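First comes the structure, then the notes that go with it.
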Amino acid sequence: MAIPRPPGSPPGRDQNPELRLLSGSRVAVIGGGPAGSFFSYFLLTMARQAGLDIGVDIYEPRDFSKPGQSGCNKCGGIIYGSLVQSLATDGIILPSSVVQQGIAGYTFHTDEGSVRIKAPSDEKRIASVRRGAGPCGVALSLSASFDGFLLTLAERKGARILRERVTETVMIDGKPRVTTKSGHTEEYDLLVGALGVNSPDLKLFEGCGTGYTPPATTRTHITEILLGNDAIEECLGDTMHVYLLNIPRLEFAAIIPKGEYATVCLLGRDIDQEMVDSFFRRPEVLKCFPAGWTPAGTRCRCFPSVTLGGADGAFGDRFVMVGDCCVSRLYKDGIGSAYRTAKTAAQTAFFAGVSKQDFHTYYRPVCVSIACDNRYGRIVFAATSLIKKLPSLRRGVMRMTNGEQAGFATPRMSGVLWDTFTGNESHHNVFFRTLHPVFLARLLYETVTGWVFSLKST
């Protein structure tokens, strides 16, 4: 599968001979999650097509075949349809053992009721995957890990997996040098940081001379709950359940079916245990679990960080950061952001070069576009916060969505809600669709109508 050059890149590899990757060049990738695996996969694919022998070492001490925290990347594990198609175009076909469950739609819950929203098209269906091999407490791995699948894919392309923890990265005479916990030292032609914002080892890259500073983050929450196949089918079905509840600092929450388990994700600002307990007490949430169920005794839970912005100093001569330790979409699509940044960084390194100027010219625009899109995301989530606070507006949204799902109108609100909470479209796209005159007129009509009916009922 041919990997195209990034837009505007030089016409051939005989340009700018300094700071280039050539046969015999060696690349260190610190972190074997999706960003590191994607980068390695794309770089080695292009090298093979060009007949170049480029060595790639991926430093990853974790074993993604192990259940629990030791093999997990602390993520909800949702992949939207267009990303699945992009991966397939690049030769990455997700096997059935990796896809836990196809999500045919989602049910949108507020205190004004619930509505099921069907996928707008087959291209917009979503899939749930496991980042590790299963939650804490399981004796054996439940299925193939998404992260493990990608790492194996990179290894098959020729990457060498080093199960060691890196303790130091420095630039010596303009080249990166990597030292591991065992004391082993290697020199490389390019250093790629792909650790993720939840790694305490991001400080390693402060010695690369670019002034690297990780993105701002906030704390979220993930819980894995064993319910069994029958309870999953009865209570959740083949849909993701999304909650827009008036809980301070909570942007939205989701329950995602995955085989016998349900993954609960809370996304917002500085989520703590008190907020988690408040969420699980809500009747809108409890009705999606078997009668008498309580979260007591749930073993697999964590409070991972997610990015709120972009990193500073994310690239330099022979150095680049990819994935969410560089930039990621707001509150969603960490896997998609890893794919975009890693693929573009690999294209830049191969077709253009590994200088700071090369990354600035060809890699930085993609990072900037994600960061700029997040500005629209903040507006979109500000609007959802307003909806949570105003009962009349919530009723208007629910009335409009119910009417669309019943076939009475073009699914404008349904599409906006789908793309807001699944990440299938950019925040920019979602924002400007809400400004359409027909969208605004229908929302106003349904809001006023719902308000009038509420007055009559009282």
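Filtering region 438-458 down to residues that are of a type in the set (S, T, N, Q) and either in a helix (DSSP H, G or I) or touching a Cys at 6+ places or on another chain (Cβ under 7 Å) (or both), which residue is most open to solvent (accessible area, probe 1.4 Å)? Applying the filter and picking the extreme gives 457.
Looking at region 361-418, which of the residues that are open to solvent by less than 10 Å² (accessible area, probe 1.4 Å) and of a type in the set (Phe, Trp, Tyr) is nearest to residue 348 (Cα to Cα)? Of everything passing the filter in region 361-418, 363 is nearest to residue 348 (Cα to Cα). Selection over region 326-360 of residues that are in a helix (DSSP H, G or I), open to solvent by 10 Å² or more (accessible area, probe 1.4 Å) and touching a Ser or Thr at 6+ places or on another chain (Cβ under 8 Å) gives a count of 6. Of all residues in region 194-211, those satisfying the criterion of being over 17 Å from the mean Cα position of the chain (by Cα) and either aromatic (Phe, Trp, Tyr) or under 22 Å from residue 55 (Cβ atoms) (or both) are 204, 205, 208. Which of (1) modelled with pLDDT of 85 or more; (2) out of contact with any helix residue (DSSP H, G or I) (no Cβ under 6 Å at 6 or more places or on another chain); (3) open to solvent by 60 Å² or more (accessible area, probe 1.4 Å) is the odd one out, the single condition residue 112 does not satisfy? Condition not satisfied by residue 112: (2).
Note on region 174-185: residues that are assigned to a strand (DSSP E or B), open to solvent by 60 Å² or more (accessible area, probe 1.4 Å) and among the hydroxyl-bearing types (Ser, Thr, Tyr) amount to 1.
Residue-wise test of (1) hydrophobic (A, V, I, L, M, F, W, C); (2) touching a residue at least 12 places away in the same chain (Cβ under 8 Å); (3) buried (at least 19 other Cβ atoms within 10 Å of the Cβ); (4) in a loop (DSSP other than H, G, I, E, B).
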position: 203; (1), (2), (3), (4): no, no, no, no
position: 206; (1), (2), (3), (4): no, no, no, no
position: 210; (1), (2), (3), (4): no, yes, yes, yes
position: 242; (1), (2), (3), (4): yes, yes, yes, no
position: 257; (1), (2), (3), (4): no, yes, yes, no
position: 262; (1), (2), (3), (4): yes, yes, yes, no
position: 267; (1), (2), (3), (4): yes, yes, yes, no
position: 270; (1), (2), (3), (4): no, yes, no, yes
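The number of residues in region 310-324 being closer than 24 Å to residue 424 by Cβ and either in contact with a Leu (Cβ under 9 Å, 6 or more places away or on another chain) or open to solvent by less than 10 Å² (accessible area, probe 1.4 Å) (or both) comes to 2. In region 76-87, the residues that are assigned to a loop (DSSP other than H, G, I, E, B) form Cβ pairs under 7 Å with partners that are of a type in the set (S, T, N, Q), at six or more places apart or across chains, as follows: 76/263; 77/128; 77/263.
Evaluate region 285-307: report whether one residue or more is under 30 Å from residue 112 (Cβ atoms), open to solvent by less than 20 Å² (accessible area, probe 1.4 Å) and not in a loop (DSSP other than H, G, I, E, B). Scanning region 285-307 turns up at least one residue that is under 30 Å from residue 112 (Cβ atoms), open to solvent by less than 20 Å² (accessible area, probe 1.4 Å) and not in a loop (DSSP other than H, G, I, E, B). Against the numbered list (1) outside any loop (DSSP other than H, G, I, E, B); (2) at pLDDT below 70, residue 49 comes up short only at (2). On the given criteria, is residue 430 buried (at least 16 other Cβ atoms within 10 Å of the Cβ), assigned to a helix (DSSP H, G or I) and without any contact (Cβ under 8 Å) to a residue 24 or more places away in the chain? So residue 430 fails the test. Against the numbered list (1) surrounded by fewer than 19 Cβ atoms within 10 Å (Cβ to Cβ); (2) at pLDDT 90 or above; (3) assigned to a helix (DSSP H, G or I), residue 435 comes up short only at (3). Going by what's in this entry, would residue 250 be described as closer than 30 Å to residue 356 by Cβ and crowded, with 21+ Cβ neighbours inside 10 Å? No. In summary, residue 171 fulfils each of the numbered conditions (1) under 30 Å from residue 209 (Cβ atoms); (2) at pLDDT below 95; (3) surrounded by fewer than 17 Cβ atoms within 10 Å (Cβ to Cβ) with the single exception of condition (3).
For the condition open to solvent by 30 Å² or more (accessible area, probe 1.4 Å), within 24 Å of residue 129 (Cβ to Cβ) and touching a residue at least 60 places away in the same chain (Cβ under 8 Å), residue 163 qualifies.
The values are calculated or read from the model by the stated rules, or taken from the named source; none is laboratory data. Here the structure is a predicted model, which is why all the values come from computation and not from measurement. Counting neighbours? That spans all protein chains shown, and the Cβs are built from the backbone with ideal geometry, glycine included. The protein model used for the area step is the full one, side chains on, heavy atoms only, and it has no ligands, DNA or RNA in it. Shrake-Rupley method; radii C 1.70, N 1.55, O 1.52, S 1.80 Å.
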